[in-house]
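Peer 1: One structure coming up, written as structure tokens, with questions to follow.
The values are calculated or read from the model by the stated rules, or taken from the named source; none is laboratory data. The structure presented is a predicted model; accordingly, all values stated were derived computationally and were not measured. Positions of Cβ are generated from backbone atoms using ideal geometry, with glycine treated the same way; all protein chains shown enter the neighbour counts. For the accessible areas, the whole protein counts, side chains as well, though only heavy atoms, and no ligand, DNA or RNA atoms are used. Shrake-Rupley method; radii C 1.70, N 1.55, O 1.52, S 1.80 Å.
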Amino acid sequence: MEYIIIIISAIFVNNILLSQFLGCCPFLGVSNKLSTAVGMSGAVCFVITLSTLVTYLLQYYVLVPLHIEFMQTVAFILVIAALVQMVEIVLKKVSPSLYQALGIFLPLITTNCAVLGVALIVVTKEFTFGGEPHMLNLAESIVYAFATSVGFGVAMILFAGLREQLALNKVPKAFQGTPIALITASILALAFMGFSGLV
């Protein structure tokens with residue numbers, strides 16, 4: 001039951017983009033086309049899940065035993081940077097068109113605050129299950145990271161679809177471009193607030 005609560009909460013209730021406002025740079029920058037948004041969501045999903053696994057192990061098997069928890073942020077950033085380099089190399093070989101479409105935003109996953117944010121949330125935040133505070137174990141951490149990245153992808157793909165539809169409509173000149181994108185993102189965030197009573 002805890003896993004279901006974690007999944008629903010991470011995807012809908014506490015969506016990393018629309019509720020916690022982490023990862024807004026790719027959200028606004030790569031969401032012009034649906035295909036690019038899907039590719040970016042997949043890359044972010046892979047990086048968030050894998051980096052959470054590695055940073056969790058690093059935190060509890062290296063930093064805490066050595067009493068160097070103050071190195072947490074630097075160590076986590078180095079892990080994330082290495083994983084993004086790996087994703088970049090794989091994408092360049094497997095899908096050059098997606099690699100070109102993502103452009104500058106692929107290396108920006110390294111500095112995407114959603115990736116670092118999830119890694120830090122997993123090792124520092126106490127979650128509440130049945131009224132009791134609870135730190136996530138490794139399995140729960142991976143489920144939380146994967147569900148959070150799926151929530152990132154859901155928000156990104158919905159937003160990209162809305163932006164593609166907006167491109168086909170007449171938008172007043174004062175609202176064209178970024179203003180209408182921000183208004184659309186705000187309405188999408190309000191829609192996701194409707195899920196707040198689920199868990």
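Peer 1: Being aromatic (Phe, Trp, Tyr) and assigned to a loop (DSSP other than H, G, I, E, B) narrows it down to one of 146, 159, 195, 152, so name that one.
Peer 2: Residue meeting the stated conditions: 195.
Peer 1: Within the set of pairs 6 or more residues apart or between chains, which connect a residue that is farther than 22 Å from residue 7 by Cβ inside the range 184-199 to a residue that is open to solvent by 20 Å² or more (accessible area, probe 1.4 Å) with Cβ atoms less than 9 Å apart?
Peer 2: From residues that are farther than 22 Å from residue 7 by Cβ, the pairs are 184/162; 184/163; 184/166; 185/24; 185/28; 185/162; 187/162.
Peer 1: Working carefully through the options 189, 181, 155, find the one that is touching a Lys or Arg at 6+ places or on another chain (Cβ under 8 Å), hydrophobic (A, V, I, L, M, F, W, C) and open to solvent by less than 70 Å² (accessible area, probe 1.4 Å). Spell out how you get there, then give the answer.
Peer 2: Working: 189 fails: touching a Lys or Arg at 6+ places or on another chain (Cβ under 8 Å); 155 fails: touching a Lys or Arg at 6+ places or on another chain (Cβ under 8 Å).
Of 189, 181, 155, the one residue that is touching a Lys or Arg at 6+ places or on another chain (Cβ under 8 Å), hydrophobic (A, V, I, L, M, F, W, C) and open to solvent by less than 70 Å² (accessible area, probe 1.4 Å) is 181.
Peer 1: For the range 67-84, name all the residues that are touching a residue at least 24 places away in the same chain (Cβ under 8 Å) and either over 17 Å from residue 113 (Cα atoms) or not aliphatic (A, V, I, L, M) (or both).
Peer 2: 72, 73, 76 - these are the residues of the range 67-84 that are touching a residue at least 24 places away in the same chain (Cβ under 8 Å) and either over 17 Å from residue 113 (Cα atoms) or not aliphatic (A, V, I, L, M) (or both).
Peer 1: Looking at the range 142-160 only, could you name the residues that are touching a helix residue (DSSP H, G or I) at 6+ places or on another chain (Cβ under 6 Å) and of a type in the set (Gly, Ala, Ser)?
Peer 2: Correct list: 145, 147, 149, 151, 153, 160.
Peer 1: Can you name the residue in the range 61-87 that is open to solvent by 50 Å² or more (accessible area, probe 1.4 Å) and of a type in the set (S, T, N, Q) and, of all such residues, is farthest from residue 107 (Cα to Cα)?
Peer 2: Checking each candidate, the answer is 73.
Peer 1: Out of the range 27-58, which residues are farther than 30 Å from residue 161 by Cα and open to solvent by 10 Å² or more (accessible area, probe 1.4 Å)?
Peer 2: At the first step, the residues of the range 27-58 found to be farther than 30 Å from residue 161 by Cα are 53-58.
Within the range 27-58, 53, 54, 56, 57, 58 qualify.
Peer 1: Looking at (1) of a type outside the set (Asp, Glu); (2) modelled with pLDDT of 90 or more; (3) open to solvent by 30 Å² or more (accessible area, probe 1.4 Å); (4) over 25 Å from residue 198 (Cα atoms), which is the one condition that is false for residue 12?
Peer 2: Only one criterion in (1) of a type outside the set (Asp, Glu); (2) modelled with pLDDT of 90 or more; (3) open to solvent by 30 Å² or more (accessible area, probe 1.4 Å); (4) over 25 Å from residue 198 (Cα atoms) is unmet by residue 12, namely (4).
Peer 1: Right, here's the next one. Suppose we filter the range 1-28 for residues that are under 22 Å from residue 181 (Cβ atoms), in a helix (DSSP H, G or I) and under 12 Å from the mean Cα position of the chain (by Cα); how many remain?
Peer 2: 4
Peer 1: Ok, one more. Residues in the range 161-175: is at least one in contact with a Ser or Thr (Cβ under 6 Å, 6 or more places away or on another chain), closer than 17 Å to residue 22 by Cα, surrounded by 12 or more Cβ atoms within 10 Å (Cβ to Cβ) and modelled with pLDDT of 90 or more? Step through it out loud before you land on a result.
Peer 2: Here is the first cut: in the range 161-175, the residues in contact with a Ser or Thr (Cβ under 6 Å, 6 or more places away or on another chain) are 162-163.
Now drop any that are not closer than 17 Å to residue 22 by Cα, which leaves none.
There is no residue in the range 161-175 that is in contact with a Ser or Thr (Cβ under 6 Å, 6 or more places away or on another chain), closer than 17 Å to residue 22 by Cα, surrounded by 12 or more Cβ atoms within 10 Å (Cβ to Cβ) and modelled with pLDDT of 90 or more.
Peer 1: So which residues in the range 132-144 are over 15 Å from residue 57 (Cβ atoms), at pLDDT below 90 and open to solvent by less than 60 Å² (accessible area, probe 1.4 Å)?
Peer 2: Scanning the range 132-144 gives a single hit, 134.
Peer 1: Kindly indicate whether residue 113 is over 20 Å from residue 143 (Cα atoms) and modelled with pLDDT under 90.
Peer 2: Considered against the rule, which asks whether it is over 20 Å from residue 143 (Cα atoms) and modelled with pLDDT under 90, residue 113 comes out as no.
Peer 1: Tell me, yes or no, whether the range 31-52 has at least one residue that is among the aromatic types (Phe, Trp, Tyr) and at pLDDT 90 or above.
Peer 2: No, because not a single residue in the range 31-52 is among the aromatic types (Phe, Trp, Tyr) and at pLDDT 90 or above.
Peer 1: Looking at the range 1-26, which of its residues are of a type in the set (Phe, Trp, Tyr) and farther than 26 Å from residue 167 by Cβ?
Peer 2: Residues satisfying the conditions are 3, 12.
Peer 1: Restricting to the range 78-110, give me the number of residues that are of a type in the set (Gly, Ala, Ser) and modelled with pLDDT under 80.
Peer 2: Number satisfying all stated conditions: 2.
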